[in-house]
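What follows is one structure encoded as structure tokens, with my remarks underneath.
The values are calculated or read from the model by the stated rules, or taken from the named source; none is laboratory data. Please read all numbers here as calculations on a predicted model, not as lab measurements. We place every Cβ from the backbone using ideal geometry, glycine too, and count neighbours over all the protein chains shown. Please note that ligands, DNA and RNA were not included when accessible areas were found on the heavy atoms of the full protein model with its side chains. Shrake-Rupley method; radii C 1.70, N 1.55, O 1.52, S 1.80 Å.
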Amino acid sequence: MSSSNIFIGETIGTAVLILLGVGVCAAVTLKGSKAKDAGWLTVSFGWGFAVLTGAYLSSGVSGAHLNPAVTIGLAIEGGTAWSDVPLYLGSQLLGAMIGAALVWLAYYGHFQAHLKDEAVLAEAAAAPKDAPGPVLGVFSTTAQIRDTVQNLSTEIIATTVLVLAILTQGLNDEGNGLGVLGALITALVVVGIGLSLGGPTGYAINPVRDLGPRLVHAVLPLPNKGGSAWEYAWIPVAGPLLGGALAGGIYQLGFA
């Protein structure tokens, strides 16, 4: 697989994944959205469809990793060369940032209205100083109950399930990414993880899914946006990376 294929496939695929995933978070959160308050079921299925779309778009180009945890798991499993890992990860982060910026453009007026709403401003003013900003949850994840061990463990467990599901079924003919059936199955696994394990942390299960949009939140000219909760940001990066590595190790021990 050429470097240009990896760059194009992972950048575009991850951008579409984040556009649709962060997009559903914006849809259920922002004032004036027709999907406002649609609930967790909508978010879980929205992210599942986002994974499905991004994977279908990029599976024939780059293998549709779209997630550093998947790339690490595949490298440990042997389907991806370690020399390709930095390009995969860089392309995924770039794509995630592009996708998050596109959500901001699509919901520009809604962001403005939400962040200037008196009720939102009053709630933000009453929140603790280290509380996430009022729209940070659109872009990235946060724990409802901050407990480092629990939060990190949740991300490790959920990501291990995801990456093991990818490694044990549905790889393409080269063995280095999702095949057509694998994309559908993996999307359903993501829905299941969201419904079952998403409650504590918002289930990043993908380092760039959290870090890319969090970076975009930090630099966007959003009024009254509040902080980006950088003190928590390492958990949705480290947890999924550890989960991906653990899944790769389990695969080597039990399935190879």
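Annotation: amide H-H contacts under 5 Å for Thr142 (H modelled 1.01 Å from N, sequence separation of 5 or more, or interchain): none.
With +1 on each Lys and Arg Cβ and -1 on each Asp and Glu Cβ, and nothing else charged, work out how big the dipole of the chain is about its Cα centre, in Debye to the nearest 20. Write down the numbers at each step before the final one.
Working: 9 positive and 14 negative charges, 108 e Å.
The dipole magnitude comes to about 520 debye.
For segment 127-256, the solvent-accessible area of protein heavy atoms averages 41 Å² per residue (probe radius 1.4 Å; ligands and nucleic acids excluded). Ellipsoid semi-axes for segment 7-71, based on the Cα gyration tensor and the rule √(5λ), read 26, 10, 9 Å when sorted largest first.
Calculate, for Arg146 and Ala256, the FRET efficiency according to 1/(1 + (r/R0)^6) with r their C-beta to C-beta distance and R0 25 Å; round to the nearest 0.05.
After rounding to 0.05, the efficiency reads 0.10.
Straight-line cross-link reach from Lys34 at under 20 Å between alpha-carbon atoms covers these lysines, not counting any fewer than eight positions away in the same chain: Lys116. Taken over segment 48-94, the alpha-carbon convex hull comes to 76 cubic angstrom per residue. Which one, Ala218, Ser196, Gly182, is farthest towards the positive end of the dipole of the chain when Lys and Arg carry +1 and Asp and Glu -1 on their Cβ? Value computed over the given set: Ala218. In this label model, Ala119 and Ser2 are separated by 5.4 nm, measuring between points 7 Å along each Cα→Cβ vector. 3J(HN,Hα) along segment 245-251, derived from phi through the Karplus expression 6.51 cos²θ - 1.76 cosθ + 1.60 where θ = phi - 60°, amounts to 5, 4, 4, x, x, 4, 4 Hz, with x in place of Gly and Pro.
The distance linking segment 1-62 with segment 180-253 is 12 Å (Cα centroid to Cα centroid, whole angstrom).
In the elastic network of the chain, a GNM with C-alpha springs shorter than 10 Å, the most mobile of Tyr88, Tyr232, Tyr203 is Tyr232. Loop-located trypsin sites (Lys or Arg not before Pro) across segment 83-158 with a Cβ neighbour count of 11 or fewer within 10 Å are Lys129, with loop assigned by DSSP.
Three principal axis extents describe the C-alpha atoms of segment 1-142; from largest down they are 53, 31, 25 Å. Note that segment 113-120 has calculated 3J(HN,Hα) couplings of 5, 5, 7, 10, 5, 4, 5, 5 Hz, one per residue in order, obtained from phi through the Karplus relation 6.51 cos²θ - 1.76 cosθ + 1.60 (θ = phi - 60°); glycine and proline are x. Take the Cα of Ile157, step 7 Å toward its Cβ, do the same at Ser196, and the gap between the two points is 1.1 nm.
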